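**Student:** Have a look at this one.
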Amino acid sequence: MEEYIPIYLFLGFLESGKTKFIQETLEDERFNNGEKTLVLICEEGIEEFDVSKMPHKDIIFHTIEDKSEYTEENLTKILKESGAERIVIEFNGMWTMEDFFGAMPDETSLAQVMFFADATTFMNYNSNMRSLVVDKLNATEMTVFNRFEESMSPEEFHKIVRGVTRRSEIVYEYTDGRVAYDDIEDPLPFDIEADSITIEDKDFALWYRDIMEEPEKYDGKIMTFKSLVAKNGKFPVNTYAVGRHIMTCCVDDIQYCWLVAQDDKNFNPSHEDWITITGKIKVQKHKMYRGKGPVLFVQNVEKAEKPAQPVATFY
C-alpha cells in the first residue's frame, strides 16, 4: 500500500494566530517526536518561529515569497530536497483553497485542516472578504476564534460558521486564557430520524450541504424535494442530475449543486425542467461522482412550478 506524506494545513488571515499555534504544536513532543518536518511559510507576520524551544530540531523552514512560487512543480522540488516525512503549511489567507489543492504534490495527502481567526477583526473580514472566509470555512475541520472577549456573542460567530459548514468544530480562546468549545445545538429544520423526509424549498441548501458532508445518515431514506433537472449526453443511461443553484455568500459564487438521480422507471424529465422528485437514497459508487456518493433511485416525478426564489441560500 502506497504511503503518502501528510499535510497539516493552518488557515487564517494575517495576525490570526497561525504562527503561535504552529510554534506551540512543534513544542509539543507528542507531535514533534523526531519526524523530519517541512514547514512552508506562505505569509510572514510579526511572530517568528523559535526552534530552541522545540524538543526535536529536525525541522526545515521554507518561505514562499510569492504566489507564483506556490506550484506543484516547486513544492515537489522543495519536498524532495528536504527529505521531510510530513509537511506543515502556514497558508496565506488571501490565497484560495483552489490554489492549495492545485499545487498539492502527488505523494502527499491532507491530514488535518484548521482555521484561525482573530475574533476582534473576524466580523470585518466576513463583511468585506466574505468569499475568502467561506473558502476557508468550507475546508476546515476546526475553527479557532482567539482573542475572544466576554462582551462578544458566541452565537454570532457560531451562526457564521454554521452558515457554511456543520462539520467544523468551533473553539473560543478567551483573552483571560480560558478555552471554550462550542456546544450550541444546531438542529436541522426537518426530522432526520424519519424514514421519509420532505425538503421545503427554503431548506434545500442546508439539506444539500448536510447530505454531501454526511451522506451515510441518509442511506435508505425516502426523499422528496423540488429540483432543477440537468442532462448531458455523456451521462450513463437513465441517469440525470437533480439539484438547485445555491448561493453561499454572494452572486459571484452561485453554482448548480446536484446529486445523481437513477431513473430506472423511465420518468425521463427534460433538461432544465422543474420537478418534484421522490426517491430512495443509496450511498454507493457512481461514475458521475467518480467515487462514492448519494444516489437517488427515483420512485416518482411530477412537473413543478419554478420556486419564488430559484436560487437557494443558507439564510
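**Student:** Considering only protein heavy atoms, with the full assembly of protein chains and a 1.4 angstrom probe, order 204, 61 by accessible area, largest first.
**Tutor:** 61, 204
**Student:** Quote the FRET efficiency, to the nearest 0.05, computed for residue 96 versus residue 198 with a Förster distance R0 of 41 Å and r equal to the Cβ-Cβ distance.
**Tutor:** Efficiency computed from Cβ-Cβ geometry: 0.70.
**Student:** List the trypsin sites (Lys or Arg not before Pro) within segment 170-226 that DSSP assigns to loop and that have no more than 10 neighbouring Cβ atoms inside 10 Å.
**Tutor:** The qualifying sites are 178.
**Student:** Could you give the nm distance between label points at residue 131 and residue 309, where each point is 7 Å from its Cα heading toward the beta carbon?
**Tutor:** That separation, rounded to one decimal, is 2.2 nm.
**Student:** Let me ask you something else. Below 13 angstrom from the Cβ of residue 84, what's the summed charge of the other residues (Lys, Arg +1; Asp, Glu -1)?
**Tutor:** Net local charge, residue 84 excluded: -1.
**Student:** Right, here's the next one. How would you order 184-195, 234-245, 22-33 from highest to lowest mean count of nearby Cβ atoms within 10 Å?
**Tutor:** Per-residue mean Cβ counts within 10 Å order the peptides as 234-245, 22-33, 184-195.
**Student:** List the relative contact order of segment 162-301 as a percent without decimals, with contacts defined as Cα pairs under 8 Å and 6+ residues apart.
**Tutor:** 20 percent
**Student:** At q = 0.09, 0.14 Å⁻¹, what is the base-10 log of I(q)/I(0) for the chain according to the Debye formula with one equal point scatterer per Cα and no solvent? Please give it to two decimals.
**Tutor:** Evaluating at q = 0.09, 0.14 Å⁻¹ gives log10 I(q)/I(0) of -0.57, -1.14.
**Student:** Additional query: Non-local amide H neighbours of residue 245 (under 5 Å, H modeled in plane, Pro and chain starts lacking H): which ones?
**Tutor:** Amide H neighbours of residue 245: 257, 312.
**Student:** Under a Cβ-only charge scheme (Lys and Arg +1, Asp and Glu -1), can you give me the dipole magnitude of segment 201-315 about the Cα centre, in debye to the nearest 20?
**Tutor:** Rounded to the nearest 20 debye, it is 420 debye.
**Student:** Return the carbon/sulfur percentage of the accessible area of segment 166-297, one whole number, probe 1.4 Å, all protein chains in place.
**Tutor:** About 46 percent, which is the carbon plus sulfur part of the accessible surface.
**Student:** Return the carbon/sulfur percentage of the accessible area of segment 1-95, one whole number, probe 1.4 Å, all protein chains in place.
**Tutor:** Here carbon and sulfur together make up 48 percent of the probe-accessible area.
**Student:** State, as an integer percentage, the relative contact order of segment 1-159 based on alpha-carbon contacts under 8 Å between residues 6 or more apart.
**Tutor:** Result for segment 1-159 is 33 percent.
**Student:** Local charge sum around residue 150 (other residues, Cβ-Cβ under 15 Å, Lys/Arg +1, Asp/Glu -1)?
**Tutor:** Summing Lys and Arg as +1 and Asp and Glu as -1 gives -3.
**Student:** Taking only protein heavy atoms and a 1.4 Å probe, what accessible area per residue, in Å², does the chain have with all protein chains in place?
**Tutor:** 52 Å²
**Student:** Can you tell me, using C-alpha contacts under 8 Å and at least 6 residues apart, the relative contact order of the chain as a whole percent?
**Tutor:** 14 percent
**Student:** Mind ranking 172, 208 by accessible surface for me, highest first, 1.4 Å probe?
**Tutor:** From most exposed to least exposed: 208, 172.
**Student:** Given Cβ point charges of +1 (Lys, Arg) and -1 (Asp, Glu) and nothing else, what value in debye, to the nearest 20, does the dipole of segment 46-136 about its Cα centre take?
**Tutor:** Magnitude of the dipole: close to 280 debye.
**Student:** I would also like to ask the following. Net charge around residue 177, counting only other residues with Cβ within less than 13 Å of its Cβ (Lys, Arg = +1; Asp, Glu = -1)?
**Tutor:** -2
**Student:** Return one number: the angle in degrees, 0 to 90 and rounded to the nearest 10, between the long axis of the Cα atoms of helix 204-213 and the longest principal axis of the Cα atoms of the chain.
**Tutor:** With rounding to tens, the tilt is 60 degrees.
The values are calculated or read from the model by the stated rules, or taken from the named source; none is laboratory data. As the structure is a prediction and not an experimental result, all values here were calculated from the model. Don't worry about glycine lacking a Cβ; one is built from the backbone with ideal geometry, like all the others, and counts go over all protein chains shown. Note: areas computed on protein heavy atoms with side chains; ligands, DNA, RNA excluded. Shrake-Rupley method; radii C 1.70, N 1.55, O 1.52, S 1.80 Å.
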